[in-house]
Amino acid sequence: MTPRCTTIIAILLTVLVATSLPAPVMANHHAVPLAIGPTFSTSLSEVLSYTAIEAGDIHTCALTTAGNVRCWGANYSGQLGNGTTTDSSTPVEVSRLSEVSAIAAGGFHTCALTTAGNVRCWGSNSSGQLGNGTTTDSSTPVAVSGLSGVSAIATGDTHTCALITTGSVRCWGNNFFGQLGNGTTTDSSTPVAVSGLSGVSAIAAGALHICALTTTGSVRCWGRNSDGQLGNGTTTDSSTPVAVSGLSGVRAIATGGYHTCALTETGEVRCWGRNFSGQLGDGTTMSRSTPVAVSGLSGVSAIAAGGLHTCALTTAGEVRCWGSNFSGQLGNGTTTNSSTLVEVSGLSGVSAIATGGFHTCALTAAGGVRCWGRNSSGQLGNGTTTDSGTPVAVSGLASVVSVSAIAAGAYHTCALTTAGEVRCWGNNYFGQLGDGRIFFSTMPMNVFFSTMPTNVIRLLFLPLIAK
């Protein structure tokens, strides 16, 4: 071992020991011993319990049972909300935020819906996506101007939308393609009403377009339409909502990067938009500007749209996928794209599904998780970095803990346990696993608190990684 490595390891051990020593008693201070391994013991006098998780591309946020929010991962735009722009590999409390009922993570910003029906956002604000009347980034939550009575929120890359209890929708931020829906293509740093829209029950945001499901079961979309993702028979962008052609009786919608899918009351799925990889499931690779039925699919209870692939959960607890498959994300044992649905091999008793950038995960009724597809950062959680074209069991879940919800980022995955804990695995360069390290993890790691900043961890470990 070189003297350089010996010195680095000595410094690291010193820091590790220092961070795990009991801290002086002070108000509202909790100390947690830093441990290496798949599980961690904690000395928290108040054990945090989580009720929801939201995975952005490179940061993660969780809602606690107390109505507060903790975030971890990349923070260069302030998207962790703790008053700094320093990445954190352990959860940090979002400042001055309480009584939260829901969270949504955009590309580089985060928003929270409070129990009072207000919205507060933090992070990148280059296009006004924080909604506070400025275009200045904020590392702490700011109130969205003039907005109340909100029942749901959805975040795109650089824009945000809110569903109001009256059934109307208001949006703010980037509007280059008309994604704010107010009849203009001018960015707005405060909420604007989406034109001619009422009776909305749900909203979903794609990269540059938005769709709304109405109480009558119809769908209306607006924004970018380069591949027909608005579903109105054209490829012309629209700055006001347009009706999706020939679609009725819809109960759920899902937006991918450039395609959209709808689940009907009869359990069928219809998709429209980009189809280069067969992600519409109609047996072709031709983009469609009106909905097409996914061939041979029925009895569906839920849908999830990834960037280039789509999956459906059936009422029988099975999963069917279609579209891009170069990493095995369709789960049928091949790496061949499919423009018609394929059955995910050896999978049954599934209760929920989540699609990441190039991988897919399923939550089983028994509380376990199985994933398939790309595994370059360990995002499948099976202890390897080998892609898998069939589902593999995430190590230590179900046998040790039971999972109640899952969320997939671009290259990492997180699970919420029935005990209210969060466990994450996969890419961790920005600390998005929340385990106090910057190494990726091929197995689930407990999210926990540490006193060592991520930049210190990265400074210590990167020279070793480079060796």
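The values are calculated or read from the model by the stated rules, or taken from the named source; none is laboratory data. In this text the structure is predicted, and so the values were computed from the model without any measurement. All Cβ positions, glycine included, derive from the backbone under ideal geometry; neighbour counts span all protein chains shown.
Take the residues in the range 114-125 that are small (Gly, Ala, Ser) and over 21 Å from the mean Cα position of the chain (by Cα); name whichever of them is farthest from Ser168 (Cα to Cα).
The residue in question is Ala116.
Which members of the range 234-252 meet the condition of being touching a strand residue (DSSP E or B) at 6+ places or on another chain (Cβ under 7 Å), closer than 10 Å to Ser218 by Cα and either charged (D, E, K, R) or not in a strand (DSSP E or B) (or both)?
Val244, Ser245, Gly246, Leu247, Gly249, Arg251, listed by residue number.
Say we look at the range 392-438 and pick out the residues that are of a type in the set (Gly, Ala, Ser) and in contact with a Pro (Cβ under 9 Å, 6 or more places away or on another chain); which of these is farthest from Leu347 (Cα to Cα)?
Out of the qualifying residues, it is Gly434.
Can you find even one residue in the range 282-295 that is of a type outside the set (A, V, I, L, M, F, W, C), out of contact with any Asp or Glu (no Cβ under 9 Å at 6 or more places or on another chain) and buried (at least 19 other Cβ atoms within 10 Å of the Cβ)?
In the first step, residues of the range 282-295 are kept if they are of a type outside the set (A, V, I, L, M, F, W, C); the result is 282-285, 287-291, 295.
Subset that is out of contact with any Asp or Glu (no Cβ under 9 Å at 6 or more places or on another chain): 282-285, 290-291.
Going one step further and asking which of them are buried (at least 19 other Cβ atoms within 10 Å of the Cβ), we end up with 282, 291.
Scanning the range 282-295, I find at least one residue that is of a type outside the set (A, V, I, L, M, F, W, C), out of contact with any Asp or Glu (no Cβ under 9 Å at 6 or more places or on another chain) and buried (at least 19 other Cβ atoms within 10 Å of the Cβ), so the answer is yes.
Restricting attention to the range 143-162, does a residue exist that is touching a Cys at 6+ places or on another chain (Cβ under 9 Å), in a strand (DSSP E or B) and surrounded by fewer than 17 Cβ atoms within 10 Å (Cβ to Cβ)?
Looking through the range 143-162, at least one residue is touching a Cys at 6+ places or on another chain (Cβ under 9 Å), in a strand (DSSP E or B) and surrounded by fewer than 17 Cβ atoms within 10 Å (Cβ to Cβ).
Can you name the residue in the range 88-117 that is in contact (Cβ under 8 Å) with a residue 60 or more places away in the chain and of a type in the set (Ser, Thr, Tyr) and, of all such residues, is surrounded by the fewest Cβ atoms within 10 Å (Cβ to Cβ)?
So, considering only residues that are in contact (Cβ under 8 Å) with a residue 60 or more places away in the chain and of a type in the set (Ser, Thr, Tyr), the one surrounded by the fewest Cβ atoms within 10 Å (Cβ to Cβ) is Thr90.
Just wondering, is there one or more residues in the range 299-318 that are more than 22 Å from Val344 (Cα to Cα), surrounded by 22 or more Cβ atoms within 10 Å (Cβ to Cβ) and in contact with a Lys or Arg (Cβ under 9 Å, 6 or more places away or on another chain)?
No, the range 299-318 contains no residue that is more than 22 Å from Val344 (Cα to Cα), surrounded by 22 or more Cβ atoms within 10 Å (Cβ to Cβ) and in contact with a Lys or Arg (Cβ under 9 Å, 6 or more places away or on another chain).
Sort through Gly56, Gly73 and tell me the only one that's touching a His at 6+ places or on another chain (Cβ under 6 Å) and under 21 Å from Cys361 (Cβ atoms).
Unique residue meeting the criteria: Gly73.
Between a first residue in the range 208-235 that is in contact (Cβ under 8 Å) with a residue 60 or more places away in the chain and at positive phi and a second residue that is outside any strand (DSSP E or B) and surrounded by fewer than 18 Cβ atoms within 10 Å (Cβ to Cβ), which pairs have beta carbons less than 7 Å apart while being 6 or more apart in sequence or on different chains?
Gly228/Thr235; Gly231/Ser245
Six or more apart or on different chains, Cβ atoms under 8 Å: show the pairs whose first residue is in the range 271-284 and hydroxyl-bearing (Ser, Thr, Tyr) and whose second is assigned to a loop (DSSP other than H, G, I, E, B) and surrounded by fewer than 21 Cβ atoms within 10 Å (Cβ to Cβ).
Ser277/Thr285; Ser277/Asn337
Residues that are of a type in the set (A, V, I, L, M) and either within 21 Å of Thr234 (Cα to Cα) or in a loop (DSSP other than H, G, I, E, B) (or both): does the range 299-307 have at least one?
No, the range 299-307 has no match at all.
Given the condition under 17 Å from the mean Cα position of the chain (by Cα) and among the charged types (D, E, K, R), answer yes or no: does some residue in the range 81-103 qualify?
Among the residues of the range 81-103, not one is under 17 Å from the mean Cα position of the chain (by Cα) and among the charged types (D, E, K, R), which makes the answer no.
Does Ala254 satisfy the condition of being crowded, with 24+ Cβ neighbours inside 10 Å and under 22 Å from Ser339 (Cα atoms)?
no
Name the residue that is modelled with the lowest pLDDT, counting only residues in the range 253-272 that are of a type in the set (Gly, Ala, Ser) and assigned to a loop (DSSP other than H, G, I, E, B).
Gly257
In the range 273-296, how many residues are assigned to a strand (DSSP E or B) and under 22 Å from the mean Cα position of the chain (by Cα)?
Going through the range 273-296 one residue at a time, the tally reaches 1.
Could you figure out which of (1) within 22 Å of Gly373 (Cβ to Cβ); (2) more than 22 Å from the chain's Cα centre (by Cα) isn't true of Tyr258?
(2)
Only one residue in Ala419, Ala410 is among the small types (Gly, Ala, Ser), surrounded by fewer than 18 Cβ atoms within 10 Å (Cβ to Cβ) and assigned to a loop (DSSP other than H, G, I, E, B). Which one?
On the way: Ala410 fails: surrounded by fewer than 18 Cβ atoms within 10 Å (Cβ to Cβ).
On inspection, the qualifying residue turns out to be Ala419.
Just give me the residues in the range 345-373 being surrounded by fewer than 24 Cβ atoms within 10 Å (Cβ to Cβ), more than 17 Å from Arg423 (Cα to Cα) and not hydrophobic (A, V, I, L, M, F, W, C), in sequence order.
Ser345, Gly346, Ser348, Gly349, Ser351, Gly357
Filter the range 333-344 down to residues that are buried (at least 21 other Cβ atoms within 10 Å of the Cβ) and within 22 Å of Gly409 (Cα to Cα), then give me how many there are.
1
Check Ala312, Ala316 and return the single one that is part of a strand (DSSP E or B) and free of Cβ contacts under 8 Å to residues at least 60 places away in the same chain.
Ala312
Any residue in the range 384-403 that is more than 17 Å from Trp372 (Cβ to Cβ) sitting within a Cβ distance under 6 Å of a residue that is crowded, with 18+ Cβ neighbours inside 10 Å? List the pairs, counting only those 6 or more apart or interchain.
Once the first residue is more than 17 Å from Trp372 (Cβ to Cβ) and sits in the range 384-403, its partners that are crowded, with 18+ Cβ neighbours inside 10 Å give Gly396/Pro444; Val401/Thr417.
Going residue by residue through the range 274-290, is there one that turns out to be basic (Lys, Arg) and out of contact with any Phe, Trp or Tyr (no Cβ under 7 Å at 6 or more places or on another chain)?
Scanning the range 274-290, I find no residue that is basic (Lys, Arg) and out of contact with any Phe, Trp or Tyr (no Cβ under 7 Å at 6 or more places or on another chain), so the answer is no.
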